[in-house]
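Reviewing the structure listed below.
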Amino acid sequence: EQIYVEMWRLLNGGKEKLSAEASLKRLDERFAKAAPKRVPTVFLVDELDMLCKTRKQTVLYNMFEWPSRPQAKLIIVAIANTMDLPERDMDMRVISRLGFNRLNFDPYNQVQLQMIVTSRLQGLQVFQSDEIELVSRKVASLSGDARRALDICRILAERCEREKKERITHQDVLKVHAEMFRSPKIQFIRTCSKMEQFLLRALVNEFYRTGIEETNLRNIVYRMEELCASEGLEVPTLHCIYNICSRLSSQRLILSEDYRKGLETKLRLNVGFEDVNFALRPQADLE
């Protein structure tokens, strides 16, 4: 509920400090009254995922209900890490107050990552442009996640200080990058059978196709058929696919509903998409 306090503070320029309850009351009164000369207000709300953690989601409801009032002159722009957040985590009463405009952002490419990392590392002499470019290229090839790139740089900087090295080398970058992707799950993916790996790839492909992390078994069967056709392999039977899903579920690589729902069974990965991509890349490409 601290969001109410922050919203009211921004609206009144910090002149009045109120409790969450009092701030909510003032906000509700403001957005309920018509004010022809009022300038429209735009709030940018980042990390919307965190506001979905509460059971009743009252804060979310209020935040999206206010803009629906014609006299409010309020616009809410929300940013989330999950593309299907409303469908997955929001109550129907909250969804009913959402607008229909949704913009999906593509992952950062290598040039964009390099600019972000370079700006964050200004003043650190241990990083050279070649090493920053290498970090950016490695991360862009998997996920385009700026936080992953900055995590790698943080670890490199800490090691460089601990080992009293003057600069970070090409080999240092490769070593840290490889270590970040050596989790037991990644190692297990590499030992999976061909068809088990195909099913994981099918889940990744379906996510890239729809932008939604959760899908059903029917869609995965379609993606499996495409993968097998591209490799010139025979498509496994439905019974075989059930067994593959069951084994991957037992290893917690995927999460699934009860398979008695047949082709409508809901599935989703329990590991990061970039981790699957990394695990299934040829070893030669990781050098």
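The values are calculated or read from the model by the stated rules, or taken from the named source; none is laboratory data. Keep in mind it's a predicted model, so treat the numbers as computed, not measured. Please note: Cβ atoms are built from the backbone with ideal geometry, for glycine as well, and neighbour counts cover all protein chains shown. Areas reflect the complete protein model, heavy atoms only, side chains present, ligands, DNA and RNA absent. Shrake-Rupley method; radii C 1.70, N 1.55, O 1.52, S 1.80 Å.
Summing Lys, Arg as +1 and Asp, Glu as -1, what charge do residues with Cβ under 14 Å from the Cβ of Leu217 carry, Leu217 excluded? Before the final figure, lay out each step's value.
Numbers: positive: Arg218, Arg223, Arg260, Lys261, Lys266, Arg268; negative: Glu206, Glu214, Glu225, Glu257, Asp258, Glu264.
Its environment carries a net charge of 0.
Gain in length, Ser249 to Glu29, computed as 0.36 nm per residue apart minus the alpha-carbon separation, to one decimal in nm?
Details: separation 220, 0.36 × 220 = 79.20 nm, distance 5.05 nm.
So the extension gain works out to 74.1 nm.
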Practice item. Go through the stretch 43-134 and name the GluC sites (Glu not before Pro) that are in a DSSP coil and have 14 or fewer other Cβ atoms within 10 Å of their Cβ. Key: Glu47
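What number comes out for accessible area per residue over the chain if the probe is 1.4 Å? Units Å², please. Write out the running numbers ahead of the final one.
Numbers: 17160 Å² over 287 residues.
Per-residue value: 60 Å².
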Review point. What is the packing order of peptides 215-222, 161-168, taking the mean over residues of other C-beta atoms within 10 Å and listing the highest first?
Key: 215-222, 161-168
Practice item. List the lysines whose Cα lies under 26 Å from the Cα of Lys194, skipping any in the same chain that are fewer than 8 positions away. Key: Lys138, Lys185, Lys261, Lys266
Check your understanding: What percent do you get for the relative contact order of the stretch 141-287 when only Cα pairs under 8 Å and 6+ apart count?
Key -> 29
Check your understanding: Starting at 0 and stepping by 10 Å, how many percent of the alpha carbon pairs of the chain end up in each bin?
Key -> 5, 21, 23, 22, 19, 9, 1, 0
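How much FRET efficiency would the formula 1/(1 + (r/R0)^6) give for Lys164 and Lys17, where r is the Cβ-Cβ distance and R0 is 51 Å, rounded to 0.05?
Working: r = 48 Å, r/R0 = 0.94.
With R0 = 51 Å, the Cβ-Cβ based efficiency is 0.60.
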**Study point:** Positive minus negative residues near Lys37 (Lys, Arg vs Asp, Glu; Cβ under 14 Å)
**Key:** +4
Exercise for review: For the stretch 257-267, take each phi angle, set θ = phi - 60°, evaluate the Karplus expression 6.51 cos²θ - 1.76 cosθ + 1.60, and give the result in whole Hz per residue in order, putting x for glycine and proline.
Suggested key: 7, 4, 6, 5, 7, x, 5, 8, 4, 7, 10
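Around Leu280, under 9 Å between beta carbons, what's the net of Lys plus Arg minus Asp minus Glu among the other residues?
On the way: positive: Arg190, Arg201, Arg281; negative: none.
Around Leu280, the surrounding residues sum to +3.
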Practice item. For Leu233, put the label point 7 Å out on the Cα→Cβ axis and report which residues of the stretch 248-275 keep their amide N under 18 Å from it. Key: 248-249, 254
Check your understanding: In straight Cα distance, which lysines are under 23 Å from Lys15, not counting same-chain residues fewer than 8 positions off?
Key -> Lys25, Lys33, Lys37, Lys73
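Select from the stretch 98-130 those chymotrypsin sites (Phe, Trp or Tyr not before Pro) which occupy a DSSP coil region and have at most 10 other Cβ atoms within 10 Å, ordered by residue number. Write down the numbers at each step before the final one.
Working: sites: Phe100, Phe105, Tyr108, Phe127; in loops: Phe100, Phe105, Tyr108, Phe127.
In loop regions of the stretch 98-130 (DSSP not H, G, I, E or B), the sparsely surrounded chymotrypsin sites (Phe, Trp or Tyr not before Pro) are Phe100, Phe105.
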Study note, to complete from the structure: Residue-normalised 222 nm signal for the chain, counting each DSSP H run of n ≥ 4 as -39,500 (n - 2.57), nearest 500 deg cm²/dmol, is -16000 deg cm²/dmol
Check your understanding: Can you list residues whose amide H is under 5 Å from Ala78's amide H, if they're 5+ apart or on another chain and H is modeled 1.01 Å from N?
Key -> Val45
Check your understanding: What distance in nm separates the simple spin-label points at Ser68 and Asp46, each placed 7 Å from Cα in the Cβ direction?
Key -> 2.9
